[in-house]
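Read through the structure below, which is laid out as structure tokens, and then see the notes.
The values are calculated or read from the model by the stated rules, or taken from the named source; none is laboratory data. Given the structure is predicted, the values throughout are model-derived calculations rather than measurements. Virtual Cβ from ideal backbone geometry, glycine too; neighbours counted across all protein chains shown. Areas reflect the complete protein model, heavy atoms only, side chains present, ligands, DNA and RNA absent. Shrake-Rupley method; radii C 1.70, N 1.55, O 1.52, S 1.80 Å.
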Amino acid sequence: MEELLLVVGQSLSVYIIIIICLRLLGKKGLAELSVADLVLIVIIGESIGAIIPEEIKFSGTIVYILTLVSANFLLDKISFKSKKFKKFMEGTPVIVIRNGKVIQSNLKKEKISMDNLEEALRSKGLTKAEEVELGILETDGAISIIPLKKGEEIVMTSPKKHN
């Protein structure tokens, strides 16, 4: 029994470490993981088997799986009830294009290349940022694009000075 409780503790520790590592990788959907990210996840998965003692391999594996599923279920429940926790776990959407202008500092901060941004534009049938009212990097790594309405054009005005 003591060995199974050890597996529970180790499982939770590994789960938390993996979540932290994935958050550090940034907002990437599964389709956007690099080869290195994928290799990292596979290696982590392989190394997990090493924490389960050989003499309780089967029951330890069952406990390990149930612990991770339970932890994931609990985190989902907490995220649903707490906006602060959800923001911590998932991050917040980031504006990458506003009124036809690419916000380079946000691209750099979120590690999004111009190639990725241009791909998102093309997927909406657009060819340049000037055609976009708003571009948002969502928490799942997808880039949402809100194009300018047909015939609409962005007019940049300088702020009025009051005397």
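Whenever you get a sec, line up Ser144, Ser105 from highest to lowest accessible area (probe 1.4 Å, protein heavy atoms). Numbers along the way, then the final one.
Details: Ser144 45, Ser105 80 Å².
Ranked list, largest accessible area first: Ser105, Ser144.
For Ser11, Ser47, write out the residues from largest to smallest accessible area, computed with a 1.4 angstrom probe and no ligands counted. Write out the running numbers ahead of the final one.
Details: Ser11 0, Ser47 65 Å².
Ranked from most to least accessible, the order is Ser47, Ser11.
Give me the percent of the accessible area of the chain that comes from carbon and sulfur atoms, probe 1.4 Å, all protein chains in place. Could the numbers behind the result be given before it?
On the way: 7450 of 11850 Å².
With neighbouring chains kept in place, the figure for the chain is 63 percent.
Computed from these coordinates, which is Cα Rg over 2.2 N^0.38 Å: (1) 1.23; (2) 1.45; (3) 1.14?
Among (1) 1.23; (2) 1.45; (3) 1.14, the one derived from this structure is (2).
Give me the number: length gained by fully extending Phe73 to Ile17, i.e. 0.36 nm times residue separation minus the C-alpha to C-alpha distance, one decimal in nm. Don't jump to the answer; show the numbers that get you there.
Values: separation 56, 0.36 × 56 = 20.16 nm, distance 1.68 nm.
Using 0.36 nm per residue and subtracting the Cα-Cα distance, I get 18.5 nm.
Keeping every protein chain present and rolling a 1.4 Å probe, give me the accessible area per residue for segment 43-140 in Å².
On the way: 6680 Å² over 98 residues.
In whole numbers, segment 43-140 has 68 Å² accessible per residue.
Please return the longest range in the chain lying between exposed loop sites, taking GluC sites (Glu not before Pro), DSSP loop only, at most 16 other beta-carbon atoms within 10 Å, and leaving the sites out. Intermediate values should be presented prior to the final figure.
Working: sites that count: Glu138, Glu152, Glu153.
Between exposed loop sites, the widest span is 1-137.
At a threshold of 8 angstrom on Cα-Cα distance, excluding pairs fewer than six apart, so keeping six or more, what relative contact order does the chain reach in percent? Walk me through the numbers before you get to the answer.
Details: 138 pairs, mean separation 37.5, N = 163.
Relative CO of the chain lands at 23 percent.
Modelling each spin label as a point 7 Å along the Cα-to-Cβ direction, I'd like the Phe80/Lys109 distance in nm, to one decimal.
3.1 nm
Greater than 32 Å separation of Cα atoms is the criterion. Which listed pairs, Lys86/Lys109; Lys87/Lys150; Lys77/Lys150; Lys77/Lys149; Lys81/Lys150; Lys57/Lys84, meet it? Could you put the intermediate results ahead of the total?
Numbers: Lys86/Lys109 20 Å; Lys87/Lys150 35 Å; Lys77/Lys150 42 Å; Lys77/Lys149 39 Å; Lys81/Lys150 40 Å; Lys57/Lys84 38 Å.
Checking Cα-Cα distances, Lys87/Lys150; Lys77/Lys150; Lys77/Lys149; Lys81/Lys150; Lys57/Lys84 exceed 32 Å.
With everything on Cα atoms, drop me the angle between helix 57-81 and the longest principal axis of the chain, reported from 0 to 90° to the nearest 10.
Orientation of helix 57-81: about 30 degrees from the principal axis.
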